[in-house]
There are 2 protein chains.
Amino acid sequence: MNIGEIALRAGVSRSTVSYALSGKRPVSEETRRRVKQVVDELGYRPSASARALANGRTSTLGLVFPPAGNHYTGMQLDFIGSVVEAAAARDHDLLLSPSGVDSDRSFQRLLGERRVDGAILMEIRLEDDRVDHLTSVDFPFVAIGRTAHPERGWWAGLDHTALVEACVHHLADLGHRRVAFVNRPEQLLRTGYESARRGLEGFTEAAAERGLTARTYCCDDDAASGRACLQRILHDDPATTALVTLNEAALGGLYRGLAEAGRQVPHDFSVTGVVAARWAETVTPQLTAADVPAAELGRLAVDLLMERLDNPGTSPRNHLLVPPISLRGSTGPGPTAL
Amino acid sequence: MNIGEIALRAGVSRSTVSYALSGKRPVSEETRRRVKQVVDELGYRPSASARALANGRTSTLGLVFPPAGNHYTGMQLDFIGSVVEAAAARDHDLLLSPSGVDSDRSFQRLLGERRVDGAILMEIRLEDDRVDHLTSVDFPFVAIGRTAHPERGWWAGLDHTALVEACVHHLADLGHRRVAFVNRPEQLLRTGYESARRGLEGFTEAAAERGLTARTYCCDDDAASGRACLQRILHDDPATTALVTLNEAALGGLYRGLAEAGRQVPHDFSVTGVVAARWAETVTPQLTAADVPAAELGRLAVDLLMERLDNPGTSPRNHLLVPPISLRGSTGPGPTAL
DNA sequence: TTGAAAGCGCTACCAA
DNA sequence: TTGGTAGCGCTTTCAA
């Protein structure tokens, strides 16, 4: 069934049906009613493909994120969910593209075949060829996170440096002197993954500033790795009394390792970091952490993208979020406070 | 840039370009080369909208999942990830639709506007109006899970009844006599959510068969509810020595509640259930559980859908998975075994 | 082996 | 206030 069918049955022309539906041209109340009635009766809906072809907009946004193998983090999920809903609220669909790099087929399809009006890029790297490419062809996109040169871009992100610094200061204030940093997987750090890099930077600087003895570790995104990482930490420096982590997926493993090593949290070991709230709350005791506002980031990203799409040529806007640390139960006084 | 441009530069007709690209008609080696060269030079890719309009296929699959209102579980996360990647592997994109009910706008857009060739439906209910609707209009879809009448449908699912029964038998074999069942949220059970219903059914039957004293609970999808639920369990029957759960998100809370009540897992309380492996491994001790093969389900669903799309009219196929229980550390001998 | 042209279903311009 | 019609960019049939 197509628009011609409707026109026929309503006894008007196809253009009139189109206008009656879109409201882009005045239509007499009389015809409008008749058209709507036929449309309702037949359950007619205009074909998205035809419409996209005709007016050059697909009403679809792309969400680009690296294929994670099997490991999507809870934060990513929250984020995807909020993006879908924000897009739906604006009558846009969301097309998923598992693409870490510019050359991925799926990425090429998304852009080359013009399947989407604009895109949101997750998991930004400091040097990101996807960002470079999209910028160079002036394709409308919003990044989640900042590259090394965030000045002239559209993005919404977290100030990982400040967040991790805040964690370190919190621990230092509590009297901890020997602390560890549990980062995301090494491969992510090496490839310049933003949060891993900026988080590490914040940790190193704040630790130096406070004169702490600090060690940094990379840790794969699963519980087993978290446990192993914790063992390494205590092996390398048994006097370590606290850690900061960005690694949500390893959290349970870190706790397990601590329990196995006979360390009580927070009594003789403090744990903190940057983690989505609902993950911070799954461990016992609950994690004192800077809560990643994944849902808010998703909404902001969609807002920015729609704004960019509606006003081509506007100068770039961005949002840098610095959520506060939520005090829960995983940090306590360190040795010097005793 | 369009196909006409390519044709012009290659000195051939538009149809020849089309055929040179699709290979659906023999083209002389000579012209084929020339066309390809121009295409590569200009980085030409045919417009997805135009192609979709012309041949009636969008090369896009839809994934219909419930609104995030209450957040997603880890299993859903794994599942979505595997579906995206399986689709990408077959050169199909994935369109997300946060849709609960038949009347949902986004659901209508996806199907009514023919944005996708087929769909995968998550979170099936025993009586599911989405399934009924799609079946009645003969729209190609695959369900994740079975409705009450699974005979004539395309689906991939888990045998929750058998899985939970296996858990109960495992506990009974260990000598537990008083057991509890921690289900998904009450609202899901009430609305006929498949896993909640079938799981409950399996629990009740197996418990009766083994002559166990059994209580069943609903529990919201978060750690705090898990903790509260456990308190209720011990309050209702302090002699309870084991529980079976389907509720991944509550798991951490259940453990916390047990710890607070002074119960050692597995020494004086056993915990088991149906949970994705990587979540079973985040708690201490690791959960003995039937591992939900979320990734495999995702792959299977995409396989089925592609099969259905490629062979319209084929008789329905399905996969019922019954993964074994993985023995980890959370179950131990019950009172009668002592 | 290739080209011309008729759609696919819609939007929007030009006339009336 | 309405209708006719020319695209949008591709695929595919019909002819050559």
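Given the criteria among the hydroxyl-bearing types (Ser, Thr, Tyr), in a strand (DSSP E or B) and within 22 Å of A:PRO185 (Cα to Cα), does A:THR272 qualify? Against the criterion (among the hydroxyl-bearing types (Ser, Thr, Tyr), in a strand (DSSP E or B) and within 22 Å of A:PRO185 (Cα to Cα)), A:THR272 qualifies.
Are any residues in segment A:42-73 modelled with pLDDT under 90, within 7 Å of chain B (Cβ to nearest Cβ) and either open to solvent by 50 Å² or more (accessible area, probe 1.4 Å) or within 16 Å of DNA strand C (Cβ to nearest atom) (or both), and if so, which ones? Listed by number, the residues that qualify are A:PRO67, A:ASN70.
Exactly one residue out of A:GLU123, A:GLU127 is open to solvent by 20 Å² or more (accessible area, probe 1.4 Å) and more than 14 Å from chain B (Cβ to nearest Cβ): that is A:GLU127. If you check A:ARG45, A:ARG9 for being basic (Lys, Arg) and within 16 Å of DNA strand D (Cβ to nearest atom), only one passes: A:ARG9. I'd like to know if segment A:71-87 contains one or more residues that are more than 24 Å from A:HIS319 (Cβ to Cβ) and over 14 Å from the mean Cα position of the chain (by Cα). Yes, because at least one residue in segment A:71-87 is more than 24 Å from A:HIS319 (Cβ to Cβ) and over 14 Å from the mean Cα position of the chain (by Cα). Contact map, segment A:117-131: first residue farther than 16 Å from A:ASP303 by Cβ and free of Cβ contacts under 8 Å to residues at least 24 places away in the same chain, second residue open to solvent by less than 30 Å² (accessible area, probe 1.4 Å) and small (Gly, Ala, Ser), Cβ cut-off under 7 Å, separation 6 or more or different chains; pairs are A:VAL131/A:ALA143. Only one of these conditions is not met by B:ARG114: (1) open to solvent by less than 40 Å² (accessible area, probe 1.4 Å); (2) more than 19 Å from the chain's Cα centre (by Cα). Which number is it? Here B:ARG114 meets the rest and fails (1). Out of segment B:86-116, which residues are free of Cβ contacts under 8 Å to residues at least 12 places away in the same chain and either of a type in the set (S, T, N, Q) or touching a Gly at 6+ places or on another chain (Cβ under 8 Å) (or both)? B:SER103, B:SER106, B:GLN108, B:GLY112 - these are the residues of segment B:86-116 that are free of Cβ contacts under 8 Å to residues at least 12 places away in the same chain and either of a type in the set (S, T, N, Q) or touching a Gly at 6+ places or on another chain (Cβ under 8 Å) (or both).
The lone criterion from (1) more than 15 Å from DNA strand D (Cβ to nearest atom); (2) buried (at least 19 other Cβ atoms within 10 Å of the Cβ); (3) more than 9 Å from every other protein chain (Cβ to nearest Cβ) left unmet by A:GLN76 is number (3).
For every residue, the table says whether it meets (1) modelled with pLDDT under 95; (2) closer than 28 Å to A:ASP138 by Cβ; (3) not hydrophobic (A, V, I, L, M, F, W, C).
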residue	(1), (2), (3)
A:ASP268	yes, no, yes
A:ALA277	yes, no, no
A:ALA280	yes, no, no
A:VAL283	yes, no, no
A:THR288	no, no, yes
A:VAL292	yes, no, no
A:LEU300	no, yes, no
A:LEU305	no, yes, no
A:LEU309	no, yes, no
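Of the helices (runs of 4 or more DSSP H) contained entirely in segment B:4-99, those carrying at least 1 residues that are in contact with a Leu (Cβ under 7 Å, 6 or more places away or on another chain) and within 30 Å of B:VAL131 (Cα to Cα) fall at B:48-55, B:74-89. Among residues of segment B:251-293 being touching a residue at least 60 places away in the same chain (Cβ under 8 Å) and within 9 Å of chain A (Cβ to nearest Cβ), the one that is least open to solvent (accessible area, probe 1.4 Å) is B:TRP279. Residues that are in contact (Cβ under 8 Å) with a residue 60 or more places away in the chain, over 30 Å from A:ARG90 (Cβ atoms) and surrounded by fewer than 24 Cβ atoms within 10 Å (Cβ to Cβ): does segment A:298-312 have at least one? No, because not a single residue in segment A:298-312 is in contact (Cβ under 8 Å) with a residue 60 or more places away in the chain, over 30 Å from A:ARG90 (Cβ atoms) and surrounded by fewer than 24 Cβ atoms within 10 Å (Cβ to Cβ). Here segment B:1-21 is the region considered, the condition is being open to solvent by less than 100 Å² (accessible area, probe 1.4 Å) and within 14 Å of chain A (Cβ to nearest Cβ), and the residue that is nearest to DNA strand C (Cβ to nearest atom) is B:ILE3. Could you check, for segment A:29-40, whether at least one of its residues is more than 11 Å from DNA strand D (Cβ to nearest atom) and under 40 Å from the mean Cα position of the chain (by Cα)? Checked segment A:29-40: at least one residue is more than 11 Å from DNA strand D (Cβ to nearest atom) and under 40 Å from the mean Cα position of the chain (by Cα). Inspection of segment B:157-174 finds no residue satisfying the criterion of being at pLDDT below 95, open to solvent by less than 20 Å² (accessible area, probe 1.4 Å) and more than 21 Å from B:VAL265 (Cα to Cα). Screening segment B:163-241 for helices (runs of 4 or more DSSP H) wholly inside it with 2 or more residues that are among the hydroxyl-bearing types (Ser, Thr, Tyr) returns the ranges B:194-209. All conditions in (1) within 14 Å of another protein chain (Cβ to nearest Cβ); (2) aliphatic (A, V, I, L, M); (3) within 13 Å of DNA strand D (Cβ to nearest atom); (4) surrounded by 19 or more Cβ atoms within 10 Å (Cβ to Cβ) hold for B:ALA88, with the sole exception of (3). Please find, within segment B:22-35, the residue that is surrounded by the most Cβ atoms within 10 Å (Cβ to Cβ) out of those that are within 8 Å of DNA strand C (Cβ to nearest atom) and of a type in the set (S, T, N, Q). Only one residue tops the list, namely B:THR31.
The values are calculated or read from the model by the stated rules, or taken from the named source; none is laboratory data. Remember, it's a predicted structure, so these values are computed and weren't measured experimentally. Note: ideal-geometry Cβ built from the backbone for every residue, glycine included; neighbour counts use all protein chains shown. Just so you know, the surface numbers come from the protein's heavy atoms only, side chains and all, with ligands and any DNA or RNA stripped out. Shrake-Rupley method; radii C 1.70, N 1.55, O 1.52, S 1.80 Å.
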